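The block underneath contains the structure these notes are about, expressed in structure tokens.
The values are calculated or read from the model by the stated rules, or taken from the named source; none is laboratory data. Bear in mind the structure is a predicted one, so any value in this text is a computation, not a measurement. Here the Cβ is made from the backbone with ideal geometry for all residues, glycine too, and neighbour counts use every protein chain on show.
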Amino acid sequence: MPDPVHVLVFSSFALAVVAIGSLALNRGANATLPLRKGNDGYWGAISSSVDWCEENYMHSTYVAETHNTISSAIIALVGAAGVECCHGCSAEGRYWLLSVLLIVIGLGSMAFHGALRHWMQMLDEVPMLWLVVAATFCTLEHEAKGHGGRRYGAWLPAALLLWAAVISAATILLQGGLQVICFHAGFASAELVALYGVYRLYRDTADAQTRRICRGSFALFALSILCWSADGLLCARLQNLPWGLPNPQLHAWGWHILVALAAYGLLVASLMERLGLLGRRPRVVWRAGCWPVVAADPLPPRALRGGGSLSGSGAASGGVLKARTD
């Protein structure tokens with residue numbers, strides 16, 4: 001019987017495909033949503049390829065989408081929490097990069113939603129592409145033995161970098177519906193590969209807490225996509241709810257918050273598995289009973305001296321399963 005979480009993830013992706021089609025095909029060259037109010041804010045005419053389901057410049061002439069801008073700041077804060085987690089367990093640089101990119105995305109998203117200008121949109125979307133590329137590398141290479149070791153060799157990072165550069169250039173240069181399709185297709189394809197890597201981690205790990213975090217993160221991720229899709233497909237209805245109910249701003253308080261929390265959870269799960277393979281006996285510490293951070297034994301002396309491979313050491317060769325069954 002299929003795992004309900006997996007069914008939810010892939011069903012939400014299917015719905016997102018429909019929403020992307022709506023964004024690209026139904027909004028014309030300006031890709032604007034119906035019922036938009038205000039268009040004469042400080043930043044001038046909208047030039048982004050997408051204008052989300054939030055009425056523009058309703059609270060300030062300096063901020064186009066207030067809810068989306070505020071919620072984007074939370075993405076940056078979650079990224080900062082990732083940096084703190086990496087520092088606390090002396091994580092490898094690849095995990096620091098994931099956390100820093102999440103901060104950059106949060107700040108870029110604030111700029112994008114605050115102005116709805118094309119060049120500010122790029123500050124949001126291009127770092128998103130590089131984040132999923134970095135996540136793909138982490139999930140495919142987490143089984144490599146040794147500090148900084150690689151399972152697939154140099155071709156994998158080279159291929160990922162080339163792919164990210166090509167999609168980034170297309171995202172920047174294209175306009176309108178074609179830009180929407182190019183970015184979201186590129187982002188989703190890398191995202192699926194990264195999620196498959198996390199699924200393999202979830203399937204193979206012997207640690208109950210890592211499995212719990214993976215399941216929770218998958219569920220949050222699927223719900224975030226559902227919110228993103230509903231915001232795009234049901235905008236007219238969301239802006240005209242019965243009994244005078246306000247628009248729930250699903251892009252802001254659904255997509256932004258839930259996907260940031262999911263990304264942090266998957267970072268923690270990947271860190272747990274990677275540090276276990278390095279023989280550092282990682283463990284999850286729950287702050288306030290709800291926020292996971294990773295603690296681990298100090299780096300072995302050989303890694304501290306030169307960052308060399310630990311593949312020949314008994315500590316690293318057992319991986320997570322050995323570390324948890326000793």
Item to complete: Give the residue, chosen from GLY177, GLY153, that is part of a helix (DSSP H, G or I) and at pLDDT below 85.
Response: GLY177
Worksheet item: Going by the conditions given, is THR205 at pLDDT 90 or above, crowded, with 17+ Cβ neighbours inside 10 Å and β-branched (Val, Ile, Thr)?
Response: no
Worksheet item: Since SER217 meets every condition but one in (1) more than 21 Å from HIS113 (Cα to Cα); (2) exposed (fewer than 15 other Cβ atoms within 10 Å of the Cβ), which condition does it not meet?
Response: (2)
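Between VAL78, VAL104, VAL50, VAL126, which is among the β-branched types (Val, Ile, Thr) and modelled with pLDDT under 95?
VAL50
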Worksheet item: When you look at ARG212, is it over 25 Å from LEU160 (Cα atoms), part of a loop (DSSP other than H, G, I, E, B) and of a type outside the set (Ser, Thr, Tyr), yes or no?
Response: no
Worksheet entry | Among (1) touching a strand residue (DSSP E or B) at 6+ places or on another chain (Cβ under 6 Å); (2) over 30 Å from CYS235 (Cα atoms) - the single one GLY114 does not satisfy | (2)
Worksheet item: What do you reckon, is SER168 closer than 23 Å to ILE257 by Cβ and in contact with a helix residue (DSSP H, G or I) (Cβ under 7 Å, 6 or more places away or on another chain)?
Response: no
Discussion item. Pairs needed: first member in region 192-220, over 15 Å from GLY265 (Cα atoms); second member anywhere, among the β-branched types (Val, Ile, Thr) and surrounded by fewer than 16 Cβ atoms within 10 Å (Cβ to Cβ); C-beta distance under 8 Å; at least 6 residues apart or different chains.
Written reply: ALA206/THR325
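Inspect all residues belonging to region 235-251 and state whether any of them is in contact with a helix residue (DSSP H, G or I) (Cβ under 8 Å, 6 or more places away or on another chain) and aromatic (Phe, Trp, Tyr).
For region 235-251, residues in contact with a helix residue (DSSP H, G or I) (Cβ under 8 Å, 6 or more places away or on another chain) and aromatic (Phe, Trp, Tyr): absent.
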Response to the item:
Pairing a residue in region 84-108 that is under 22 Å from LEU258 (Cβ atoms) with any residue that is charged (D, E, K, R) and modelled with pLDDT under 95, where Cβ atoms lie under 8 Å and the two sit 6 or more apart in sequence or on different chains, gives TYR95/ARG274
Item to complete: Can you confirm whether region 294-304 contains a residue that is assigned to a helix (DSSP H, G or I), of a type in the set (A, V, I, L, M) and either without any contact (Cβ under 8 Å) to a residue 40 or more places away in the chain or surrounded by 18 or more Cβ atoms within 10 Å (Cβ to Cβ) (or both)?
Response: yes
